[in-house]
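Okay, structure first, notes after.
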Amino acid sequence: MKRTIVPFGPQHPVLAEPLVLDLVLEDEKVIDAIPTIGYIHRGLEAMVDRVEYTEMGFVVERICGICSFMHGMGYCLALESIMSVEVPDRARWLRIIWAEISRIQSHLLWLGLGADAFGFENLFMHCWRMREEILDIFEKTTGGRIIHSVNRIGGVKRDISDSELIAIVARLDGLGKAFEATARVFANDPSIRHRMSGVGVLSMADARAVDAVGPMARASGVRMDTRLAGQNLYDQIEFEPVLETAGDCLARVVVRMREVRQSIDLIHQMVDKMPKGEGLPLENKPRGNPSGETFTRLEQPRGEVVYYVKANGTKYLERFRARTPTFANIPAMIKLVKGCDLADVPNIILTIDPCISCTER
Amino acid sequence: MSNPFRLPMAPRAIRNLFSKPATRRYPYEIRPRFDGARGTIKFDVDTCNYCTLCAKRCPAAAITVSREDRTWAIEHLTCIGCNVCVEVCAKKSLAMSTEAKHVHTHAEVGPQGQRPGHEEWHGADPAIAAAAAKAAAELSIDAPSS
Amino acid sequence: MSFFSKSPWILHYDASSCNGCDIEVLACLTPLYDLERFGVVNTGNPKHADILLITGSVNERNIDIIRNLYRQMPDPKVVVAVGACACSGGIFARAYNIQGGIDKVLPVDVYVPGCAARPESIIDGVVQGIGALEQKRRKSA
């Protein structure tokens, strides 16, 4: 049969980002998909020789605008472990509260984009309307809607007062109720079921073989979550990763929906357990220049992210490297795209929650 | 599940019909920004001692300071609003206002070819400058990071 | 600024942006900000578009794509650079693969600063872009 090559991207209506795939088609079936990258490559990791390590945190934050808080936090955690800085307790709790809020934000954003991809624009609007609530919380507490710039090496720059924290929890509860109404639509709507169920199935064995991470792996039943390692105070809260077994597009939607509820529950626990009071210390300034190397792992909304930092005792780091979750999920995406119908390609690409600016940095 | 007459979106749609619109009609209806939201950098030329620490620490290199000419300039188009310059300023000459950055057009190119969004201040008389230079020398000794 | 003779359509392209400004551009289309009040529709086809909304800065790889998209748009056309990266390179101006702001390649009419640019600023920028488009249209007519 005759083969056709259809280019997907870099400018494509379904995805704001320039993901480029050359789809090799036989009739309507996709035989092969060849990704091309580099359209958003900025050379961010190489900026360590131009930007001092104290300011590099702001560059790392801008790896990606969706999980920018987690990137800033990961960089600061890495530097803190190299320089052995003790971070004040309240700052550590505030960090993971913000991290969970940004997970809710990212998942709501994705649920909206996913709904838009399978042609349910109404649901897209509803998800993004809820997301604005989260952005209001962020702007009130950190000063920025998207890029927060509150993480510093040794702590955080701003405090959330105890009364404000209670207000945030109440607001998130209200959001959770509104979210339930939307979640019912995702779960029951026949058109969604028709487009998502049984499409792009990744079995548990395959998920392990291609090293899928995050919600992608959890939707295939792989019990994998960096938070299980208990770092960053996650050992002090009750936590069990959300698992689904079907491994299709619908399962990936369901995992993210359940993670929104789980994050709201985690924030409840965190606010209960954190040290209370006004004027507690938030930042221990590091002394001298860093020397040594370290790996840091974090669970981002899209999966596990790994940072490698090597410092040589000067103001400039020797090497900084980030392995972002979308980069790890691309092999899984290529595997799923092979053999599916052309019309399902946007759906499958979106359900891995691609973040191209993370991937190419 | 396969019943096509099930309309899960219907209750939501009916509620939306009778509730007030979610849209904020922006240019006509402006919500005040939250306290502490980061917007535009404000500079006070009278208190600045031209220690250049803000320019050194700016991750985007948006600030240029000249101790000799006593000028302080910022490119608002390059500024990323990270608040670092405000934090390091010993003289509290810098402040982060909540006012959002202004939109600039191509027509705003300055007389010496300054890009749109360029803002520049010139310091006052040399007696103040001498005192400022002394203070700056003291400050650069305790400056961290080196 | 309240009456426009035409409804301009916008084309959004992400040139090496961190997603922050892209997401804010999308947020402008959602109920809270609703850019479509101004008759603006986000289109994916450069031949249908009057306003090119670019986020992020120019790098080696996408320089041809930006030129190509601009060439395909019908005259008169307006370029709006959204975010610090698109205006001047922003924090990434010093990165090795970044050549600078969009004005290195295209004539930019409106600069929307901010990192990330706020939806309010983007609305301001698009409204000014509509004004610039009207002026160009009158000149060419």
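Values quoted throughout were computed directly from the atomic coordinates according to the rules given, and no laboratory measurement underlies them. Given the structure is predicted, the values throughout are model-derived calculations rather than measurements. Reconstructed Cβ throughout: ideal geometry from the backbone, glycine too, with neighbour counts over all protein chains shown.
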Using a 10 Å cut-off around each Cβ of peptide B:97-108, what is the average number of partner chain Cβ atoms that fall inside? 6
Top positive-direction residue, dipole computed over chain A with Cβ charges, set A:358, A:269, A:128: A:358
Using a Gaussian network model on chain B with a 10 Å cutoff between Cα atoms, which of B:116, B:11, B:59 fluctuates the most? B:11
So, in the range C:21-141, how many Lys pairs have Cα atoms under 19 Å apart, if the pair is 8 or more places apart or on different chains? 5
Within the range C:28-141, what percent of beta bridges assigned by DSSP are antiparallel, to the nearest 5? 20 percent
By how many degrees, 0 to 90 and rounded to 10, does the Cα axis of helix A:162-188 deviate from the longest principal axis of chain A? 10 degrees
Residue of A:205, A:183, A:219 that the Gaussian network model of chain A assigns the largest fluctuation, springs spanning Cα pairs under 10 Å: A:205
Where in chain A is the longest stretch that carries no GluC sites (Glu not before Pro) classed as loop by DSSP and with at most 12 other Cβ atoms within 10 Å? A:87-237
When we measure straight from the Cα of residue A:177, which lysines land under 23 angstrom away, once same-chain ones fewer than 8 places off are left out? A:140, B:20
Taking the Cβ of residue A:103 as the centre, find all other residues whose Cβ is under 9 Å away and add up their charges (Lys, Arg: +1; Asp, Glu: -1). -3
Divide the volume of the convex hull of the Cα atoms of the range A:75-122 by its number of residues and quote the answer in cubic angstrom per residue. 66 Å³
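Identify the trypsin sites (Lys or Arg not before Pro) of the range B:23-106 meeting these criteria: DSSP loop state and at most 12 other C-beta atoms within 10 Å of the C-beta.
B:25, B:92
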Placing +1 on each Lys and Arg Cβ and -1 on each Asp and Glu Cβ in the protein assembly as shown, then taking the dipole about the Cα centre, the residue among A:280, A:137, A:87 whose Cα reaches farthest towards the positive end is A:137
When the Karplus curve 6.51 cos²θ - 1.76 cosθ + 1.60 is applied with θ = phi - 60°, which whole-Hz ³J(HN,Hα) does each residue of the range A:282-290 get, with x for Gly and Pro? 10, 8, 10, 5, x, 10, x, 10, x
Qualifying lysines (Cα of each under 24 Å from Cα of residue A:2; at least 8 residues distant if same chain): A:29, A:335, A:338
The range A:284-361-the range A:35-85 distance, computed between alpha-carbon centres (Å): 11 Å
Simple Cβ-charge dipole of the range A:3-360, Lys/Arg +1 and Asp/Glu -1, about Cα centre, in debye nearest 20: 460 debye
Report the longest stretch of chain B that contains none of the GluC sites (Glu not before Pro) sitting in a DSSP loop with at most 13 other Cβ atoms within 10 Å. B:100-146
What share of the DSSP beta bridges in the protein assembly as shown is antiparallel, in percent to the nearest 5? 75 percent
Report the far tail of the P(r) of the protein assembly as shown, meaning the percent of Cα-Cα pairs longer than 50 Å. 10 percent
At a 10 Å Cβ-Cβ cut-off, how would you order C:55, A:359, fewest neighbours first? A:359, C:55
With contacts defined as alpha carbon pairs under 8 Å and 6 or more residues apart, what's the relative contact order of chain A in percent? 25 percent
Is any residue of the range A:234-254 close enough, with backbone N under 18 Å, to a label point placed 7 angstrom from the Cα of residue A:162 along the Cα-Cβ axis, and if so, which? none
Placing +1 on each Lys and Arg Cβ and -1 on each Asp and Glu Cβ in chain A, then taking the dipole about the Cα centre, the residue among A:10, A:347, A:172 whose Cα reaches farthest towards the positive end is A:10
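What longest region of chain A stays clear of chymotrypsin sites (Phe, Trp or Tyr not before Pro) that DSSP places outside H, G, I, E and B and that have at most 16 other Cβ atoms within 10 Å?
The answer is A:1-238.
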Ranking A:60, B:45 by Cβ neighbours within 10 Å, fewest first, what do you get? B:45, A:60
Cα-projected label distance for residue C:60 with residue A:310, points at 7 Å along beta-carbon direction, nm: 2.3 nm
Per-residue Cβ neighbour rank within 10 angstrom, fewest leading, C:54, A:96: A:96, C:54
Taking the square root of 5 times each eigenvalue of the Cα gyration tensor, what semi-axes in Å does the equivalent ellipsoid of the range B:33-142 have, largest first? 24, 18, 12
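For chain B, what is the calculated [θ] at 222 nm in deg cm²/dmol (nearest 500), taking -39500 (n - 2.57) for each run of four or more DSSP H residues and dividing by its residue count?
Working: 4 runs with 36 residues, N = 146.
Per the formula, -7000 deg cm²/dmol.
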Over chain C, the sum of -39500 (n - 2.57) across DSSP H runs of at least four, divided by residue number and rounded to 500 deg cm²/dmol, gives at 222 nm -9500 deg cm²/dmol
In debye, nearest 20: dipole of the range C:1-65 around its Cα centre with unit charges on the Cβ of K, R (+) and D, E (-)? 220 debye
On C-alpha positions alone, give me the angle between the axis of helix C:119-140 and the longest principal axis of chain C, in degrees, nearest 10. 60 degrees
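Report, in deg cm²/dmol and to the nearest 500, the calculated mean residue ellipticity at 222 nm for chain A, where each DSSP H run with n ≥ 4 adds -39500 (n - 2.57) and the sum is divided by the residue count.
Taken over chain A, the calculation gives -15500 deg cm²/dmol.
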Between residue A:49 and residue A:26, what's the calculated FRET efficiency when r is the beta-carbon distance and R0 is 35 Å? Round to 0.05. 0.15
So which residue, out of B:53, B:17, B:77, gets the largest mean-square fluctuation from a GNM of chain B using Cα contacts under 10 Å as springs? B:17
Need the list of lysines near residue B:134 for cross-linking: C-alpha distance under 25 angstrom, and skip anything on the same chain fewer than eight residues off. B:42, B:56, B:91, B:92
